[in-house]
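First comes the structure, then the notes that go with it.
The values are calculated or read from the model by the stated rules, or taken from the named source; none is laboratory data. As the structure is a prediction and not an experimental result, all values here were calculated from the model. Note that we place each Cβ from the backbone using ideal geometry, even for glycine, and neighbour counts take in every protein chain shown.
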Amino acid sequence: MTSSSGAILREPRLRINRHRRLCLSITAVLVGLSVLGLVLSWLSPIKAPLKPGLDFTGGTSIQVERNCGDRCAELTVKQVQDALPAAAVVQLL
């Protein structure tokens, strides 16, 4: 095979036309697995296909660390909401 300039061209190593059914089958399996992953994550506790992190959604992350040893009582979401301004959204991670 030669190009318009007369240079000899090599045969392509991967001929997709020759292996069309195999390529389409592999693509269909990968797309099916992706859709299955989205459905399964939709059924998870967060009820969303993807949960973008703080870097993508914006906002502020507050991490509470207490120094009370064994005497610490559990903090509830209600206690944290009461301590923050009304516009704050509290989410357990």
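Condition check: assigned to a loop (DSSP other than H, G, I, E, B) and modelled with pLDDT of 75 or more. Does Arg21 satisfy that? Here the answer is no, as Arg21 does not meet what is asked. The residue pairs whose first member lies in the range 67-82 and is touching a residue at least 24 places away in the same chain (Cβ under 8 Å), whose second member is exposed (fewer than 10 other Cβ atoms within 10 Å of the Cβ) and assigned to a loop (DSSP other than H, G, I, E, B), and whose beta carbons are closer than 6 Å, counting only pairs six or more residues apart or on different chains, do not exist in this structure.
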